[in-house]
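The values are calculated or read from the model by the stated rules, or taken from the named source; none is laboratory data. Everything quoted here is computed from the prediction, not taken from an experiment. Note: ideal-geometry Cβ built from the backbone for every residue, glycine included; neighbour counts use all protein chains shown. Quick note on the areas: whole protein, heavy atoms, side chains included, nothing else; ligands and nucleic acids left out. Shrake-Rupley method; radii C 1.70, N 1.55, O 1.52, S 1.80 Å.
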Amino acid sequence: MTASDVFTIEPWGLRESALELEHLARTESLFALSNGHVGVRGNLEEGEPSGLPGTYLNGVYERRPLPYAEAGYGFPEDGQTAINVTDGKIMRLLVDDEPFDVRYGELHAHERRIDFREGVLQREVEWTSPAGQQVLIRSWRLVSLTQRSVVALCLEVEVVGEEARVVVQSELVADEDLPVRGGDPRVAAALKEPLVHETGHAKGTGATLVHQTRASQLRIAAAMDHETECPQDVNIGTELNDNWARITFSTKLRAGETLRVVKYVTYGWSQQRTVPALRDQVAAAMAAARDSGWQGLVDEQRDYLRWFWERSDVEVDGDAELQQAVRFAMFHVLQAGARAEGRSIPAKGLTGPGYDGHCFWDTETFVLPVLTHTVPKAAADVLRWRHSTLPIARERAHQLGLEGAAFPWRTINGAECSAYWPAGTAAFHVNADIADALVRHLQATGDETLERDIGVELLIETARLWRSLGHHDRSGAFHIVGVTGPDEYSAIADDNVFTNLMARRNLRAAAEMVARHPRLAGSFDADHEEAAAWRDAAEAIVIPWDDELGVHPQSAAFTVYERWDFAATPDEAHPLFLHYPYFDLYRKQVVKQADLVLAIQRCGDAFTPEEKRRDFDYYEAITVRDSSLSACSQAVVAAEVGHLGLAYDYACEAAFMDLHDLGGNTADGLHMASLAGAWVALVEGLGGMRDEQRLKFTPQLPDGLDRLAFGLVRGDALLRVEVFPDRTRYQLVAGDHPVDLCHHGQDVRLSPGETVECSQERPPVVERPSQPPGREPIGRHSVTRRLS
């Protein structure tokens with residue numbers, strides 16, 4: 001059970017057995033629905049009370065000023081913030097003129113639930129109005145995974161007591177009042193009422209509103225239409241103003257009678273299309289939704305999710321709560337990317353306004369590996385979006401005096417939005433992260449069209465960045481200096497190991513691409529001579545090593561820094577950056593999130609087994625995990641070096657991040673990278689999967705788990721892997737050609753339809769490494785502690 005004891009543990013769903021108003025914003029995130037194009041938070045249909053109203057369209061933002069105490073060349077001038085667009089969720093209810101509000105009258109029962117196999121949020125309420133009239137209220141809500149512009153709701157009101165007049169007010173509302181977030185009044189002013197009315201229309205049971213954002217000049221259209229079922233006559237009224245449209249349904253119901261209202265909402269947006277074009281777009285989407293009907297949309301949703309789970313399900317035997325958590329995680333990762341189609345996957349998906357709706361490097365590093373092996377088309381769509389921002393990335397590189405393309409640390413439209421350059425602009429590793437995600441995707445899928453369409457150009461431009469950013473010293477060694485790696489408690493470092501290893505992979509991959517596609521590469525002015533320079537840099541790149549300690553410094557000289565005084569740091573002082581100056585953090589041995597350990601995970605062939613073990617133990621003692629991005633990587637490497645119990649604990653921390661609100665900020669939206677990290681920790685960690693030129697597995701289960709099973713998409717093949725304590729079963733479920741893989745160093749060939757079982761021995765017990773005091777992993781039995 002969670003800390004609030006209102007969520008039941010069940011394998012295929014999330015059920016809230018009572019409504020806790022003090023946690024409303026958090027549960028609105030947990031019950032958020034999305035398809036990657038449109039997202040709606042789990043706000044109550046009646047609109048009030050609410051924690052944080054939210055309806056989002058991927059890519060829709062408003063420009064805002066980036067405040068600086070002192071200006072500097074190359075500082076980004078404008079920020080971008082995802083905005084709450086026109087809200088179509090609201091369906092207010094009045095019973096004999098008494099508004100339905102859970103804070104008034106008597107709430108006898110309240111339950112919300114979602115089945116991950118159905119993708120429909122359900123709600124059941126028993127309520128007595130202040131005047132004594134009792135009603136049963138049932139609602140269903142979905143964001144269509146098959147019709148990307150469509151949100152649909154169904155509301156049923158049944159009178160239990162005496163005859164009552166029932167009124168439903170269904171609304172479209174723009175520029176909703178929102179809680180004030182952040183402390184900069186300039187930003188608040190820029191984001192207040194960001195939507196400007198352009199046109200509206202209401203007639204019969206339908207209405208349309210079209211708005212444009214004030215500064216970013218993005219046009220947004222929203223339409224609604226309805227169907228009703230009722231044994232009595234229903235009166236319908238229509239109202240419209242600039243920011244609000246309302247369709248009212250009124251009837252009298254006897255005891256046992258029910259009013260049913262189905263609401264269809266469609267969305268569209270564009271930076272270029274005209275008002276008539278966008279209005280017609282949402283009208284067309286509405287026609288398709290009404291043609292499908294409510295039940296048709298429900299059936300389509302169920303069919304889509306059946307297809308997803310048949311190929312992607314992760315089964316965990318022995319831990320019911322972890323089983324629920326990993327399916328919750330995969331459901332939300334799917335929602336974040338299923339229909340993003342030409343857009344990014346923000347750090348919070350479309351579940352809340354956290355991080356201003358920005359996309360970061362963790363999309364490519366943590367989320368895309370999951371989608372590449374489950375829904376590869378969704379991963380390809382995100383990579384195509386990155387490629388579409390190349391012109392902006394080239395312009396940014398030129399501004400910084402570099403060649404190639406410099407992708408942003410955080411963005412919505414492709415432009416850099418980080419006002420803090422040591423942790424933003426200097427984090428050049430994002431370019432290699434994007435290249436690595438692309439290369440891994442191409443290896444896993446064999447997508448030759450994607451390789452030609454975007455792969456060649458993207459790898460060339462990122463390689464050019466590294467060659468211009470780094471330099472050869474007098475002895476020929478290649479250095480990359482003055483950069484920031486994944487660890488945000490270190491900045492402006494020289495020869496960061498993660499950055500250098502990832503850059504090396506990027507340079508080599510680009511050179512191979514030029515050799516494979518010389519004519520296409522030539523169209524981007526890349527030739528064999530330039531590719532040879534990339535290879536030279538890759539072979540000469542410096543990877544720091546500390547002979548005395550026998551470990552890799554995170555970056556040059558890192559291991560000679562003074563170690564942070566962990567014993568004198570109280571637990572309430574985390575996250576450290578809110579209680580200590582960055583100046584002090586930057587010059588001490590303290591790690592916010594996996595950095596060198598992430599290098600081991602992503603570039604494992606650069607380390608010997610002994611180096612992995614020594615490095616992991618060393619950095620475990622100084623990593624405080626003040627970031628939700630760390631636990632899954634620590635789980636993967638912990639499992640690889642034999643700390644299976646520790647890997648299990650870290651897998652649970654990643655999986656429980658939002659269900660237990662471990663970071664204390666789930667109210668702002670879910671952590672997509674940590675949710676994806678649950679899959680990473682189980683599949684790459686306990687499952688030991690490494691996706692290189694061929695699949696390699698070194699599976700091992702910790703005490704407490706009896707079985708782990710997962711599916712993987714590999715080109716046109718579908719594999720199913722089942723891990724037991726003493727053996728692993730591999731099955732080629734679909735595919736016309738054999739698949740070669742490796743199990744604990746043993747070559748295995750799977751023919752179509754074949755199942756092969758391989759044995760494995762339990763690894764030797766090794767001493768569990770220690771963490772900084774109070775920063776032990778939030779494992780299976782310690783979920784009440786809180787992270788930041």
Response to the item:
Restricting to lysines and to Cα separations under 25 Å from Lys696, and discarding same-chain partners fewer than 8 apart, the set is Lys377, Lys612
Item to complete: Rounded, prolate or oblate: pick one for the stretch 303-350, where a ≥ b ≥ c are the square roots of the eigenvalues of its C-alpha gyration tensor, a/c under 1.5 means rounded, and failing that, prolate if a/b is larger than b/c, else oblate.
Response: oblate
Worksheet item: Can you tell which of His574, Ala594, Trp564 lies farthest toward the positive end of the dipole of the stretch 559-623, using +1 and -1 charges on the Cβ of basic and acidic side chains (Lys, Arg; Asp, Glu)?
Response: Ala594
Fill in: Per-selection metrics, the chain (Cα): Rg and Dmax in Å
26.8, 92
Discussion item. Per q in 0.13, 0.20, 0.21 Å⁻¹, report the Debye log10 I(q)/I(0) for the stretch 458-530, using one uniform scatterer on each alpha carbon and no solvent.
Written reply: -0.44, -0.85, -0.91
Discussion item. Please compute the per residue accessible area over the chain with all protein chains in place, 1.4 Å probe, rounded to a whole number of Å².
Written reply: 36 Å²
Worksheet entry | Rounded to 10°, Cα long-axis angle of helix 528-540 versus longest principal axis of the chain | 80 degrees
Worksheet item: Among Pro486, Leu701, Pro769, whose Cα sits farthest toward the positive end of the charge dipole of the chain (+1 at Cβ of Lys/Arg, -1 at Cβ of Asp/Glu, about the Cα centre)?
Response: Pro486
Worksheet item: Given Thr728, Ala647, Ala667, which one lies farthest toward the positive end of the charge dipole of the stretch 592-741, if we put +1 on the Cβ of every Lys and Arg and -1 on the Cβ of every Asp and Glu?
Response: Thr728
Response to the item:
The summed charge of the Phe616 Cβ neighbourhood (under 13 Å; Lys/Arg +1, Asp/Glu -1) stands at -4
Discussion item. Counting only other residues whose beta carbon sits under 11 Å from that of Gly161, what net charge do I get with K and R as +1, D and E as -1?
Written reply: -3
Worksheet item: Accessible area of Thr205, 1.4 Å probe, to the nearest 10 Å²?
Response: 40 Å²
Response to the item:
For Asp736 the rounded accessible area (nearest 10 Å², probe 1.4 Å, non-protein molecules ignored) is 120 Å²
Practice prompt. For the stretch 618-717, report the translational diffusion coefficient in µm²/s to the nearest whole number, using Stokes-Einstein at 20 °C, 1.002 mPa s, and a Kirkwood Rh over Cα pairs.
Written response: 151 µm²/s
Worksheet, complete the sentence: With all protein chains present, the stretch 301-345 has a carbon and sulfur share of its accessible area (1.4 Å probe) in percent of 40 percent
Worksheet item: Considering only protein heavy atoms, what is the solvent-accessible area of Val560 at a probe of 1.4 Å, reported in Å² to the nearest 10?
Response: 110 Å²
Discussion item. Report for the chain the percent antiparallel among DSSP-assigned beta bridges with both residues inside it, nearest 5.
Written reply: 95 percent
Worksheet item: Ignoring ligands, DNA and RNA, how do Glu754, Glu562, Glu529 rank by accessible area with a 1.4 Å probe, largest first?
Response: Glu529, Glu562, Glu754
Worksheet, complete the sentence: For Arg92, Arg327, Arg614, the accessible-area ranking with a 1.4 Å probe, largest leading, is Arg614, Arg92, Arg327
Practice prompt. Among the lysines, select those whose C-alpha is under 20 Å from the C-alpha of Lys203, and discard any that sit fewer than 8 residues away in the same chain.
Written response: Lys89, Lys263
Fill in: Residue-count net charge about Glu46 - beta-carbon cut-off 11 Å; Lys, Arg +1, Asp, Glu -1
0
Worksheet item: How high is the relative contact order of the chain, in percent, with contacts defined as C-alpha pairs under 8 Å that are six or more residues apart?
Response: 11 percent
Practice prompt. With +1 on each Lys and Arg Cβ and -1 on each Asp and Glu Cβ, and nothing else charged, work out how big the dipole of the chain is about its Cα centre, in Debye to the nearest 20.
Written response: 1220 debye
Item to complete: Sort Phe524, Phe428 by accessible area with a 1.4 Å probe, largest first.
Response: Phe524, Phe428
